[in-house]
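The values are calculated or read from the model by the stated rules, or taken from the named source; none is laboratory data. As the structure is a computational prediction, the values presented were derived from the model and not from experiment. Cβ placement follows ideal geometry from the backbone for every residue including glycine, while neighbour counts extend to all protein chains displayed. To get the accessible areas, we keep the full protein, side chains included, count just its heavy atoms, and leave off ligands, DNA and RNA. Shrake-Rupley method; radii C 1.70, N 1.55, O 1.52, S 1.80 Å.
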Amino acid sequence: MRTPFVVGNWKLHKTIAESLALVTELKNQLGALREVAVGVAPPFTALNAVAKRLEDSSIVVSAQDCYWEEKGAFTGEVAPGMLRDAGCTWAIIGHSERRQFFGETDETVGKKVKAALAAGLGAIACVGETLAQRDGGTTFQVVEQHLRGVFADVGAPDAALLERIVIAYEPVWAIGTGRTATPAQAQEVHAFIRGWLTENVSAAASAAIRIQYGGSVKPDNAVALMREPDIDGALVGGASLQAADFVAICRAAKPA
Ligand code: 13P
């Protein structure tokens, strides 16, 4: 019942021209793909051009972050409504790189998720432990704490809103390292997240919310990861910068 969702997080890569070249290829190659939702998250500077290029396509456009205020004296920030205006329908929120390098906290993640949803955006909220936390045996505690932040201000989401909330489980030790979680390691945490949703949000939320896996997803490991029952797609970094690899991962997410 959950449509798998694969999103390419381009991070700090690509000019407008490069972005357009990549999405044009994706549009051509993924046009016939059914049963998988696909998105791209270019840098802010390319969002509007990419959204225009994808107007006649089912590929959706996501920002990599957003602010929680709609306007005001907040130099350098971008509001959820501005992202809508630029053609975005989603925003990634709370990526571990933002937590690590830019002071993102569970509290700011909660505010951003609330603001994104209120503006009509979908929110891809990221959770996941560092290697030290995994080795220290605190993976579930860390993920639970991140989840509390994500849902702090969401209230009781109705069915339509659940379609616009996505959790991305991204173990920090697997990001950009080439060291992916095994399908069993990922599934274990995904199942934990689903259980947490049942207990803390609702049974409907647990059934409907898609949980992406992220961390060194490549064409050669995607099929095995996507086969796990609680993995509903992927948040792809490095491998989303090349059309061939990203297309192969999107195809791997098609339900068997
Ligand atoms: P990599 O796929 O490059 O490991 O990045 C994962 C990620 O952080 C996606 O948001």
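Numerical summary
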read-out	value
Criterion violated by Ile211 - all others in (1) crowded, with 21+ Cβ neighbours inside 10 Å; (2) within 16 Å of the ligand (Cβ to nearest atom); (3) assigned to a helix (DSSP H, G or I); (4) not hydroxyl-bearing (Ser, Thr, Tyr) satisfied	(3)
Residues located in the range 1-31, provided they are in a loop (DSSP other than H, G, I, E, B), among the hydrophobic types (A, V, I, L, M, F, W, C) and within 15 Å of Phe246 (Cα to Cα)	Trp10
Any chance Ala222 is open to solvent by less than 30 Å² (accessible area, probe 1.4 Å) and either of a type in the set (Lys, Arg) or within 10 Å of the ligand (Cβ to nearest atom) (or both)	no
Matching residues, the range 86-111, being part of a helix (DSSP H, G or I) and more than 12 Å from the ligand (Cβ to nearest atom)	Ala86, Phe101, Asp106, Glu107, Thr108, Val109, Gly110, Lys111
Qualifying residue in the range 247-255 (condition: open to solvent by less than 40 Å² (accessible area, probe 1.4 Å), farther than 18 Å from Val61 by Cα, within 12 Å of the ligand (Cβ to nearest atom) and over 16 Å from the mean Cα position of the chain (by Cα))	no
Tally of residues being in contact with a helix residue (DSSP H, G or I) (Cβ under 7 Å, 6 or more places away or on another chain) and away from the ligand (no atom under 16 Å from the Cβ) across the range 114-141	9
One residue from Ile231, Ile193 being crowded, with 19+ Cβ neighbours inside 10 Å, modelled with pLDDT of 95 or more and within 15 Å of the ligand (Cβ to nearest atom)	Ile231
Candidates Ala205, Ala184 - the one that is more than 16 Å from the ligand (Cβ to nearest atom), of a type in the set (A, V, I, L, M, F, W, C), open to solvent by less than 20 Å² (accessible area, probe 1.4 Å) and under 25 Å from Glu35 (Cβ atoms)	Ala205
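A quick yes/no check of all residues on (1) under 17 Å from the mean Cα position of the chain (by Cα); (2) closer than 17 Å to Ser206 by Cα; (3) surrounded by fewer than 23 Cβ atoms within 10 Å (Cβ to Cβ); (4) not hydroxyl-bearing (Ser, Thr, Tyr):
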| site | (1), (2), (3), (4) |
| --- | --- |
| Asp85 | no, no, yes, yes |
| Arg98 | yes, no, yes, yes |
| Val142 | no, no, yes, yes |
| Asp153 | no, no, yes, yes |
| Ala159 | no, yes, yes, yes |
| Glu170 | yes, no, no, yes |
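Quick grid of which residues meet (1) open to solvent by 30 Å² or more (accessible area, probe 1.4 Å); (2) touching a residue at least 40 places away in the same chain (Cβ under 8 Å):
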site	(1), (2)
Gly39	no, yes
Pro43	no, no
Leu47	no, yes
Val50	no, no
Leu54	no, no
Glu69	yes, yes
Phe74	yes, no
Pro80	no, yes
